[in-house]
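First the structure, in the form of structure tokens, and then the observations on it.
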Amino acid sequence: MTPAIPGFDHVRLPGADGVELAAAVGGNGSGSPVVLLHGFPQTHLMWRHVAERLADEHTVICPDLRGYGASDKPAATDPGVYAKRTMAADIVTLAAALGHGRFALVGHDRGALVAFRAGLDHPETITHLGVLDVVPTLDMWNVLHGASAAVGYHLFLMAQPPGLPERMIAGSADVFFGSFLDVWADDPAAMPEDVRAAYLRASAAAVPSIVADYRASADIDVLHDQADLDAGSQLAMPVTVVQQDWGARLGYDAVGVWRAWAPDLEHRLTRAGHFMAEEAPDEIAADIRGLLAR
């Protein structure tokens, strides 16, 4: 049986362009809405501990991104299908279907890139923005250089033209996706075997769409970020960024990168691993509460 977030309803809701998203929805129905977006190679289940901690005070919505988990996985007939702009529109549409015209948005990893784009494209909708363990797409490519870029080898692999990456990954899906769950976790016990198995099943069933999501980040997402940078666009809402110390590891000014996009910024380093919402849920829930109080 696939694990679930206790006490949450599992529903299907409309996204953009006729796509349907699966989501876990729960918490205090009269509390302000918070949408939590998962990362790679995971599903909404990564938020199970944080969602329960926020549920007494907030309506908590945890979708599977398009192309992941139980959400629709449309064919990537053009780069826009998995552009973060399109995936952000999914989340705004989903929240509207639940009656929320304004909401706080927190994302981890791939979900954080979607959240970042939603903040730029929908400033009237996103009240607060939380980002866990990424830098914006344009900056990500700019800080990966030399031998240190090997940490992001999967970014380069999945940026290749359609065909080879999909075949290579599908041929050893559990090994490929499982390697990230192993290497990126500082506390493997935070991801029980049934949860790990659920992530591997979901990822193996979504290889083409996961690759398409990453491929978009080497193409159309860069163009969108560059256009905003050139136009001087910034995130208008309070922003909290929680990261491992990637600046020290890769040789860049992490706070400076984020300050260029987010004038109202709180940036904090964590000792937890990449999967911080599972490894340190009390810490991350406290960060989200602090963000929402600003």
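The values are calculated or read from the model by the stated rules, or taken from the named source; none is laboratory data. Every value quoted in this text rests on a predicted model; they were computed, and no experiment measured them. Every residue, glycine among them, receives a Cβ derived from its backbone with ideal geometry; neighbour counts consider all protein chains shown. Remember, those area values only see protein heavy atoms, side chains included, never the ligands or the DNA or RNA. Shrake-Rupley method; radii C 1.70, N 1.55, O 1.52, S 1.80 Å.
Quick rundown of the values:
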item	result
Which numbered condition residue 200 fails, given (1) open to solvent by 20 Å² or more (accessible area, probe 1.4 Å); (2) within 21 Å of residue 83 (Cβ to Cβ); (3) not hydroxyl-bearing (Ser, Thr, Tyr)	(2)
Selection from region 113-134 of residues that are open to solvent by less than 30 Å² (accessible area, probe 1.4 Å) and of a type in the set (Asp, Glu)	133
Test: residue in region 286-294 that is under 20 Å from residue 149 (Cβ atoms), in a helix (DSSP H, G or I) and either open to solvent by less than 70 Å² (accessible area, probe 1.4 Å) or of a type in the set (A, V, I, L, M) (or both)	no
Any strands (runs of 3 or more DSSP E) falling wholly within region 1-107 and containing at least 2 residues that are surrounded by 24 or more Cβ atoms within 10 Å (Cβ to Cβ)	20-27, 33-37, 59-63
Cβ-Cβ under 7 Å pairs, at least 6 apart or on other chains, region 185-209 side closer than 26 Å to residue 271 by Cα and among the charged types (D, E, K, R), far side open to solvent by 20 Å² or more (accessible area, probe 1.4 Å) and assigned to a helix (DSSP H, G or I)	186/279; 187/279
Among the candidates 240, 270, residue that is in contact with a helix residue (DSSP H, G or I) (Cβ under 6 Å, 6 or more places away or on another chain) and within 25 Å of residue 124 (Cα to Cα)	240
Residues of region 80-116 satisfying the condition of being over 11 Å from the mean Cα position of the chain (by Cα), closer than 16 Å to residue 214 by Cβ and not β-branched (Val, Ile, Thr)	80, 82, 83, 85
Residue count, region 251-264 (criterion: open to solvent by 20 Å² or more (accessible area, probe 1.4 Å) and either under 13 Å from residue 139 (Cα atoms) or of a type in the set (A, V, I, L, M, F, W, C) (or both))	8
Pick from region 135-159, criterion part of a loop (DSSP other than H, G, I, E, B) and open to solvent by less than 20 Å² (accessible area, probe 1.4 Å), ranking: farthest from residue 222 (Cα to Cα)	135
Lone qualifier among 188, 192 - being open to solvent by 30 Å² or more (accessible area, probe 1.4 Å), at pLDDT below 95 and either more than 29 Å from residue 75 (Cα to Cα) or out of contact with any Pro (no Cβ under 9 Å at 6 or more places or on another chain) (or both)	188
Region 266-280, residues that are part of a helix (DSSP H, G or I) and within 16 Å of residue 37 (Cβ to Cβ)	276, 277, 278
Test: residue 212 is open to solvent by less than 60 Å² (accessible area, probe 1.4 Å), part of a loop (DSSP other than H, G, I, E, B) and within 25 Å of residue 85 (Cα to Cα)	no
Residues that are free of Cβ contacts under 8 Å to residues at least 40 places away in the same chain and among the hydrophobic types (A, V, I, L, M, F, W, C), drawn from region 224-249	227, 231, 248
